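**Q** Below is a structure I'd like to ask you about.
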Amino acid sequence: MDEDKIKQIHSAIFEKAISNNIKNDRVKNSIANCMIGIALLKRVFNDLDLNMQECTGFTMKEIISSIETGAYEDLLDGGTSNKTVIEQNFETMNRMAANNELYSNIDYDAVLNLDGDFVLRLNYTCF
């Protein structure tokens, strides 16, 4: 399958096949990638004149449902969205700063680098 066709399938899955209850794009992308793998596998079955459902014992609907259920349970802890490790770390640092456990210009500071980009520098020893 050519790259454009795979991108088209990914987009269609991402927009239409995945439940709108899942709010996290990273998780939706993971589900879409998994479903693309299943679609490619189904194409192999078709190319070999085999019926995927008869060979595996599962319908496409059951497979897709299992993928979403797994995402809810394993990636989202039963919820509809989750926070990345980076988001969780920044929340922790924010709480530490609010509780006066972090000090500006000692535990962290912000500077412009040589390229003119704003950079947050952290002293990891306090964490």
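The values are calculated or read from the model by the stated rules, or taken from the named source; none is laboratory data. Computed from a prediction, not measured in an experiment: that's the story for all the values here. Please note that ligands, DNA and RNA were not included when accessible areas were found on the heavy atoms of the full protein model with its side chains. Shrake-Rupley method; radii C 1.70, N 1.55, O 1.52, S 1.80 Å.
**Q** Under 5 Å between amide hydrogens, which residues at least 5 positions from Tyr108 or on another chain qualify, with H placed 1.01 Å from N in the peptide plane?
**A** Close amide H contacts, sequence-distant or interchain: Tyr103, Asn123.
**Q** Work out, step by step, the length gained on full extension between Arg26 and Ala12: first 0.36 nm times the residue separation, then minus their alpha carbon distance; give nm to one decimal.
**A** On the way: separation 14, 0.36 × 14 = 5.04 nm, distance 1.59 nm.
Going from the current span to full extension adds 3.5 nm.
**Q** Follow-up. Quick one: accessible surface of Glu73, probe radius 1.4 Å, all protein chains present, in square angstrom to the nearest 10.
**A** 120
**Q** Could you run the Karplus curve 6.51 cos²θ - 1.76 cosθ + 1.60 with θ = phi - 60° over the stretch 106-113 and give me ³J(HN,Hα) per residue in whole Hz, x for Gly and Pro?
**A** Listing the rounded values in order: 10, 8, 7, 7, 10, 9, 8, 7 Hz.
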